[in-house]
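Novice: What follows is a single structure, and I will ask about it in a moment.
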Amino acid sequence: MTFEILARTGAATVGGYLFCYAAAAAASRVLPLLRSEVVILTAFAAVPAMVAIAIWAFGCRSILRTWGVLIGGAIPLYVIGMWPL
Amino acid sequence: MKEGFTQSMAFLHSWAGLLFGGVLFSIFFCGSLSVFRPEIDIWATPQLQGRGELNRAAALARGLSLLEQEAPESRQWRISLPSEREPVLQVSWQDDNGATRTRRVAPHNGEAVLATEGGRLFARYHHRLSIDDGRTSRVGRWLIGVLGFAMLVILVSGVFIHRRLWRDLFVFRPASSRQRSWTDVHNVMSVLALPFHLVIVCTGFAVNYWIYMPAAIDTLYQGDWRTYRADVGQGAGNDMRLADVPGAPSDNLAFAALMQRAEAVLGQDGVSSITLLDRGRETAVAEFRGRRDDRIAQQMDRVVLSGVTGEVLTEVTSRPPLFATQSVMVGIHYVLFGGAPMRWLYFSCGLAGAGMIATGTLLFVHKRRATARSVPERRLLTIAEHVNVIAMAGLPLASIVYMWGLRLLPQPLADRPHWEISVFFYTWLLSGLYATLRPVARAWIELLTATSLLCLALPASGWLLPGSDLPTTLRQGDLATAGVDLVTFAAGLGLALFTAYLIRRRDTVLVLGKLAPRPG
C-alpha cells in the first residue's frame, strides 16, 4: 500500500514533470514559431498536461504500466529535444 | 487505483487537500486581499488623504520641476505618473555614483508620502510566500508553482468525485446533521466559483511560466534565460541604456512637443511613465510607456523618441500572438481591468475559494477522526487540526494586526516596511504557538474572537492620524480609505456572528468535539 502510494505520487509529480519537460524540449525543436513564442506555448501546454498525468497516475489500474509509458515516452522525446544540430 | 476511478479520485482529493489545505488557504486569503492592494496603500498613507481630484498634467509638471531642483545634472530622469487608484507621483534619477535615487510624493501638494509595505505584503505572500527578494532567489516562486499544481489536481479530482455536481449545487441542509450542512457549504463554494478557481490558478502560472517549464529556453536559448527575457520584452531596457560618454550639448525639442508625439501613439492621457536620458545633448532619448490599467493585457506599449529631432526610434504597440495571449492571461490574474465591480467579483470568489479549502479540510479531518484507529493516523490528524487553526484562524489575526501596525507604527521610522512585515509574521508565529498550547477548540474560538474585535475596532485607528478618520474620509468621498475601514468593520461583524454561532451550536465539525465532548 505504501509502495503503491509512493509510486503513484512519484508518477504524478516527478514523472509527470520529467515527461512534460522532455515533450516540451522535443516540441521546441519542431514548432515553426518564433523561439520566444515556443517558450510560452510549451510552458503553457505543460500545465494541463501535468494535471492530466497526475489524474491518470492515481486513476489508472496499474501504476507500473503508467511509469512504463512515462519513461518510455520521455526518453525518445528527450533525445529529440537535445539532439545536437 | 484498485477500487475504481471515483474512489481513487476521492483518495487523491481528500489526502492532497489535507496535506496542502492550510497553506492553500493562506494563499487564497492573501490573494483575495491583494485585489485591493492600492486601496490598502492609500488607507495606510495619511499624506494621500484629502487629495481631491487627480490632475495628471499638474502632477507631471511637479515631477519635472522636482527633478530640475533635485538633480539638474543627472543623465537619467524617470517619472511615474499617478493614477486614480495609485495616486503617488514617483520620480527617480541616477546620482553621480550611478546609483538610483527615488522620491515618492503626493501629487497634490508635493509632500513626501510614507514608505509602507501596505497591501503589497499580501500580494508578495501569495505569489512568492514572501521568500524571494529581487531576482536572486526563485525558491518562493517554485513553492508557489508546486502549490498551484496541487491546487489544480485537487480541483480536478474534486470535479470527478461529484458526478451529481449540478444537483448538489442546489442542496443545502442546514437542519440536518452538521457534517452534511458543512459538506453542502463546501460544495456550493466550490461549484459556484469553480470557473474562477480554475482560471485564477491557471493564469497564475502565466506570470512566471518560464521559471516553471524552461525546457524550450534550454533547447533554443542554451539555458540563457536573460536573453530570453530580453527577447520577450521586445527590447525594453536594452534601447534605454546610457552611452558610456554623454554626447555634446545640443538643442533639444521641448518636453511638451515630445509628450505630444508620444500621446499621438499611446493615446490622450495614455502615458504612465517617462524616462529621459542625456537631456540637452546630442544623445538625448525619451521613452514613454503606456498605461496598463485601461486594458486587460499587462504588457505596456512603448515609444522611444529622439530628444533632438523627435523622430520615433522604437514603437512597440503590438506583439506576437502567444506573447499577447500570455499578456492577457496575466491581466486576467491581476484584475486591473473592469473597475470596482470586477474587483469585488474577484475578492468574493477568492474568499469563496479560501472558504472552500477551509471547509473541505476541516470536514475531512472530522470524518477521519470518527474512524481513525491506528496511532500514526490519529497523530497525523492532531497535527492537521493544529495546522488548520494556525492557518485559518491565525492568518486572519496576523492580517488584522498587520493593518493596525500600518497605522500605529511611528511615521518617521527607518526601514518601516521591514517593521510592518515583522508585525505580520511575528503575530502569525505567536498565534501559532498559542494555538498549539491551547485545546484546538478553544484556540479556534479565541483567535476568531480576537480577530473579529480587532476588525470591528479598526476604523477607530483613523482618528490617530491626520485626516484619516471615517467621517472625514466619507465626507471627502475617499472610497479607498473609507472602504477599507468599512469593509473591515463588516468583516468583523460577520466574523463575530459566525463565532457566536459556533459557540452556541457547539459545532462539532469546526471545533472537533472539545466544546461538545464526543460520545465514547
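Read-outs throughout are calculated quantities, based only on the coordinates presented, and are distinct from any laboratory measurement. A quick note: this is a predicted structure, and the numbers were derived from the prediction, not measured. Glycine also receives a Cβ, built like all others from the backbone with ideal geometry; neighbour counts cover every protein chain displayed.
Novice: Between residue A:82 and residue A:33, what FRET efficiency follows from the Cβ-Cβ distance if R0 is 22 Å, with the result rounded to 0.05?
Specialist: Details: r = 19 Å, r/R0 = 0.88.
Taking R0 as 22 Å, the efficiency between residue A:82 and residue A:33 is 0.70.
Novice: Over every pair of different alpha-carbon atoms in the stretch B:1-86, take the mean of 1/r and invert it; report that Kirkwood radius in Å. Provide the component values of the computation, followed by the final result.
Specialist: Values: mean 1/r = 0.0552 Å⁻¹.
Averaging 1/r across every pair of different Cα atoms and inverting gives 18.1 Å.
Novice: In nm, give the distance between the simple-model label positions of residue B:317 and residue B:256, each being 7 Å from the Cα along the Cα-to-Cβ direction.
Specialist: So the two model labels end up 2.4 nm from each other.
Novice: Could you grab the relative contact order for the stretch B:44-137? Cα pairs under 8 Å, six or more apart, rounded to a whole percent.
Specialist: Working: 118 pairs, mean separation 25.2, N = 94.
Computed over the stretch B:44-137, the figure is 27 percent.
Novice: Would you kindly calculate the mean projected area, averaged across all directions, of the convex hull enclosing the Cα atoms of the stretch B:219-348, in square nanometres?
Specialist: Values: hull surface 41.5 nm².
Seen from a random direction, the Cα hull of the stretch B:219-348 projects 10.4 nm² on average.
Novice: Please report the antiparallel percentage of DSSP beta bridges with both residues in the protein assembly as shown, rounded to the nearest 5. Don't skip to the end; give the middle numbers.
Specialist: Numbers: 32 of 32 bridges.
Just about 100 percent of them are antiparallel.
Novice: Okay, next question. Given labels modelled 7 Å from the Cα in the Cβ direction, how far is it in nm from residue B:490 to residue A:18?
Specialist: Calculated label separation equals 5.2 nm.
Novice: Treat the count of other C-beta atoms within 10 Å as a stand-in for reagent exposure and order B:39, B:315, B:68 from fewest to most. Display every interim value, and only then the final one.
Specialist: Numbers: B:39 23, B:315 14, B:68 11.
With the fewest neighbours first, B:39, B:315, B:68 line up as B:68, B:315, B:39.
Novice: Using the 10 angstrom Cβ neighbour count as an exposure proxy, how do B:217, B:131 rank, fewest first?
Specialist: Details: B:217 26, B:131 15.
Least crowded to most crowded, the residues run B:131, B:217.
Novice: Quick one: grab Rg to one decimal and Dmax as a whole number for the protein assembly as shown, Cα atoms only, in Å.
Specialist: Cα-based Rg and Dmax for the protein assembly as shown come out at 27.1, 91 Å.
Novice: Distances over 19 Å make up what percent of all Cα-Cα pairs in the stretch B:333-388? It would help to have the intermediate numbers written out before the result.
Specialist: Numbers: 756 of 1540 pairs.
Distances greater than 19 Å cover 49 percent of the Cα pairs.
Novice: Separate question: For residue B:375 and residue B:324 in the same chain, what is the full-extension length gain: residue separation times 0.36 nm, less their Cα-Cα distance, in nm?
Specialist: 13.0 nm
Novice: Let me ask another. Below 8 Å, C-alpha to C-alpha, sequence gap of six or more: please give me the relative contact order for the stretch B:78-131 in percent. Working shown, then result.
Specialist: Numbers: 56 pairs, mean separation 11.4, N = 54.
Result for the stretch B:78-131 is 21 percent.
Novice: Still on this structure, I have one more. Which net charge results when you count Lys and Arg as +1 and Asp and Glu as -1 among the other residues whose beta-carbon is under 14 Å from that of residue B:312? Write down the numbers at each step before the final one.
Specialist: Details: positive: B:261, B:302; negative: B:239, B:263, B:287, B:301, B:311, B:315.
In short, -4.
Novice: Oh, and also: Mind putting a number on the dipole of chain B about its Cα centre? Charges go on the C-beta only, +1 for Lys and Arg and -1 for Asp and Glu, and I need it in Debye to the nearest 20. Don't skip to the end; give the middle numbers.
Specialist: Numbers: 52 positive and 42 negative charges, 614 e Å.
The calculation lands at about 2940 debye.
Novice: Using the Cβ atoms and a cut-off under 15 Å, what net charge is assigned to the surroundings of residue B:220, where Lys and Arg are +1 and Asp and Glu are -1? Please list the in-between numbers first.
Specialist: Numbers: positive: A:29, A:35, B:226, B:229; negative: A:37, B:218, B:224, B:231.
Once positives and negatives cancel, what remains is 0.
Novice: Quick one: plug the Kirkwood hydrodynamic radius of the stretch B:332-440 (C-alpha pairs) into Stokes-Einstein at 4 °C, 1.567 mPa s, and report D in µm²/s.
Specialist: Working: Rh = 16.7 Å.
Taking Rh from Cα pairs, D becomes 78 µm²/s.
Novice: While we're on this one: Using every alpha carbon pair in chain B, what percent of pairs falls into each 10 Å bin from 0 up to the bin containing the largest distance?
Specialist: Final binned percentages: 3, 16, 25, 24, 17, 9, 4, 1, 0, 0.
Novice: Considering only the other residues whose Cβ falls under 9 Å of the Cβ of residue B:70, what net charge follows from Lys and Arg at +1 and Asp and Glu at -1?
Specialist: On the way: positive: B:101, B:103; negative: B:68.
Taking every Cβ under 9 Å from that of residue B:70, the sum is +1.
Novice: Once fully extended, how much extra length lies between residue B:453 and residue B:229, figured as 0.36 nm per residue of separation less the alpha-carbon to alpha-carbon distance?
Specialist: Contour length minus the Cα-Cα distance gives 75.9 nm.
Novice: What ranking of B:371, B:481, B:359 emerges when the number of other C-beta atoms within 10 Å of each C-beta is taken as an exposure proxy, fewest first? Walk me through the numbers before you get to the answer.
Specialist: Details: B:371 7, B:481 28, B:359 23.
Going from sparsest to densest Cβ surroundings: B:371, B:359, B:481.
Novice: For residue B:340 and residue B:238, calculate 0.36 nm times their separation in residues minus their Cα-Cα distance, and state this gained length in nm to one decimal. List each step's numbers first, then the result.
Specialist: Values: separation 102, 0.36 × 102 = 36.72 nm, distance 3.61 nm.
Stretched out fully, the residue B:340 to residue B:238 stretch lengthens by 33.1 nm.
Novice: Further question: Using alpha-carbon pairs under 8 Å, 6+ residues apart, how would you state the relative contact order of chain B in percent? Can you show the working numbers first?
Specialist: Values: 758 pairs, mean separation 92.9, N = 520.
The normalised contact order for chain B reaches 18 percent.
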